[in-house]
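The values are calculated or read from the model by the stated rules, or taken from the named source; none is laboratory data. All figures in this text were calculated on a predicted structure; none of them were measured in a lab. Reconstructed Cβ throughout: ideal geometry from the backbone, glycine too, with neighbour counts over all protein chains shown. The area values use the complete protein model at the heavy-atom level, side chains included, leaving out ligands, DNA and RNA. Shrake-Rupley method; radii C 1.70, N 1.55, O 1.52, S 1.80 Å.
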Amino acid sequence: MDNALIADMHTHSEYSHDSVCTIEDMCLSQIEKGTKIFAVTDHCDVFYSNDFDIYTPIKNAYDNVKALNKKYGDKCIILSGVEISEGFWYPKACEKIHGLLPYDVIIGSVHCVKCKGLEDPYAKLDFSKVSKERLHEFLDCYFNDMITMLEYMNFDILAHLTCPLRYIIGKYGLNIDISIFKDRILNILKLIIEKNIALEVNTSYIVLNDFIPNKEILKKYYKMGGRLITLGSDAHIAQNASANFEAAIKVLKEIGFKDICYFKNRKLNKISI
Ligand SMILES: [Zn+2]
Ligand SMILES: [Zn+2]
């Protein structure tokens, strides 16, 4: 990479329900890859707030990040964050998460969709048995939920826009034309620009040789005046730290982006690429 300073704003650790990676291992992998800043953004799936203690793991991650910064701070800065999903479904729990810790960054995500019969986390849904009509209905709800999240939740980075395609297209190989949701996507891009929320390029899965969101959406965002981009590997294992960042930066430069962002103390900073 031309520039040595790169930030990975989306990673998970053993404090997430779907990872066993220690923050230290993630940090060592980031250092090996030359990444100088990364954020630990463990899941806070508000969806589960009535069933589990979603708060203690986030606190533990925060304490761990603090301790590890003392050990590795000269090589790599670890930012403490959280990935909140479905926060707007449970405003009280969401408010509690916000007040819990002085995060560097808050990521806003949609992992479940209020679409009748398809309400489980979409990562776990079997889309092979879902009709095309229902898929459209599901995606319609997905984009609507994202718009609601943008209207009601306070956060810094919009994560993995169009993520269900990872499963619908990537896992189940279904043919879906998302151009019918063009207006919704444009509305989402307009809202994040108005609210100064950064758009994440999620590099964890490559769907149809592209990132999430894809190049076409990134181009639209740029054309509309959007300039706040973060890179997120969404790594759940150490070896995926900053995965595919070189390719993502190449695409961003081709579109015209001059920098990427990171958040510290919830303040925006830019790094030229
Ligand atoms: Zn996510
Ligand atoms: Zn994530």
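So which residues in region 104-124 are within 16 Å of ligand 1 (Cβ to nearest atom) and either of a type in the set (S, T, N, Q) or out of contact with any Leu (no Cβ under 7 Å at 6 or more places or on another chain) (or both)? Ile106, Ile107, Ser109, Val110, His111, Cys112, Val113, Asp120, Pro121, Tyr122, Ala123, Lys124 - these are the residues of region 104-124 that are within 16 Å of ligand 1 (Cβ to nearest atom) and either of a type in the set (S, T, N, Q) or out of contact with any Leu (no Cβ under 7 Å at 6 or more places or on another chain) (or both).
Being more than 15 Å from Leu101 (Cβ to Cβ) and touching a residue at least 24 places away in the same chain (Cβ under 8 Å) is a condition met by at least one residue of region 59-70.
For region 161-182, the tally of residues that are surrounded by fewer than 23 Cβ atoms within 10 Å (Cβ to Cβ), hydroxyl-bearing (Ser, Thr, Tyr) and within 13 Å of ligand 1 (Cβ to nearest atom) stands at 1.
Considering region 126-152, the residues that are open to solvent by less than 20 Å² (accessible area, probe 1.4 Å) and more than 16 Å from Lys190 (Cα to Cα) include one that is nearest to ligand 1 (Cβ to nearest atom), namely Tyr142.
Taking the residues in region 1-16 that are within 16 Å of ligand 2 (Cβ to nearest atom) and of a type in the set (A, V, I, L, M) as candidates, determine which candidate is surrounded by the fewest Cβ atoms within 10 Å (Cβ to Cβ).
Ala7
When residues of region 94-128 are filtered for being hydrophobic (A, V, I, L, M, F, W, C), under 23 Å from Asn64 (Cα atoms) and more than 16 Å from ligand 2 (Cβ to nearest atom), how many remain?
Applying the first criterion (hydrophobic (A, V, I, L, M, F, W, C)) to region 94-128 yields 94, 97, 100-101, 105-107, 110, 112-113, 115, 118, 123, 125, 127.
Narrowing further to those that are under 23 Å from Asn64 (Cα atoms): 94, 97, 100-101, 105-107.
With more than 16 Å from ligand 2 (Cβ to nearest atom) added as a condition, the list becomes 94, 100-101.
Matching residues across region 94-128 total 3.
Leu68 satisfies every condition listed in (1) open to solvent by 60 Å² or more (accessible area, probe 1.4 Å); (2) in contact with a helix residue (DSSP H, G or I) (Cβ under 7 Å, 6 or more places away or on another chain) except (1).
Regarding Leu186, is this residue more than 15 Å from ligand 1 (Cβ to nearest atom), open to solvent by 10 Å² or more (accessible area, probe 1.4 Å), at pLDDT 95 or above and in contact with a strand residue (DSSP E or B) (Cβ under 7 Å, 6 or more places away or on another chain)? Please lay out each step first, then the result.
Details: more than 15 Å from ligand 1 (Cβ to nearest atom): yes; open to solvent by 10 Å² or more (accessible area, probe 1.4 Å): yes; at pLDDT 95 or above: yes; in contact with a strand residue (DSSP E or B) (Cβ under 7 Å, 6 or more places away or on another chain): no.
Considered against the rule, which asks whether it is more than 15 Å from ligand 1 (Cβ to nearest atom), open to solvent by 10 Å² or more (accessible area, probe 1.4 Å), at pLDDT 95 or above and in contact with a strand residue (DSSP E or B) (Cβ under 7 Å, 6 or more places away or on another chain), Leu186 comes out as no.
If you go through region 1-38 one residue at a time, how many are closer than 17 Å to Ser85 by Cα and either touching a residue at least 60 places away in the same chain (Cβ under 8 Å) or out of contact with any Pro (no Cβ under 6 Å at 6 or more places or on another chain) (or both)? Don't jump to the end; show me each part of the working.
From region 1-38, those closer than 17 Å to Ser85 by Cα are 9-13, 15-19; that's our starting set.
This time we only want the ones that are either touching a residue at least 60 places away in the same chain (Cβ under 8 Å) or out of contact with any Pro (no Cβ under 6 Å at 6 or more places or on another chain) (or both), so: 9-13, 16-19.
Total meeting the criteria: 9.
Can Leu158 be described as crowded, with 19+ Cβ neighbours inside 10 Å, modelled with pLDDT of 95 or more, farther than 21 Å from Leu189 by Cβ and not aromatic (Phe, Trp, Tyr)?
Numbers: crowded, with 19+ Cβ neighbours inside 10 Å: yes; modelled with pLDDT of 95 or more: yes; farther than 21 Å from Leu189 by Cβ: no; not aromatic (Phe, Trp, Tyr): yes.
When the stated conditions are applied, Leu158 does not pass them.
Looking across region 116-164, the residues that are farther than 28 Å from Gly81 by Cβ and outside any helix (DSSP H, G or I) come down to Lys116, Gly117, Leu118, Asp126, Val130, Ser131.
Which residues, taken from region 17-28, are surrounded by fewer than 21 Cβ atoms within 10 Å (Cβ to Cβ) and touching a strand residue (DSSP E or B) at 6+ places or on another chain (Cβ under 9 Å)? Passing the criteria: His17, Asp18, Ser19.
Screening the candidates Asn214, Asn196, Asn244 for the property of being among the polar types (S, T, N, Q), closer than 22 Å to Phe263 by Cα and surrounded by 16 or more Cβ atoms within 10 Å (Cβ to Cβ) yields one hit, Asn244.
Condition test on Val40, is it buried (at least 24 other Cβ atoms within 10 Å of the Cβ), at pLDDT 95 or above and within 16 Å of ligand 2 (Cβ to nearest atom)?
Numbers: buried (at least 24 other Cβ atoms within 10 Å of the Cβ): yes; at pLDDT 95 or above: yes; within 16 Å of ligand 2 (Cβ to nearest atom): yes.
It is true that Val40 is buried (at least 24 other Cβ atoms within 10 Å of the Cβ), at pLDDT 95 or above and within 16 Å of ligand 2 (Cβ to nearest atom).
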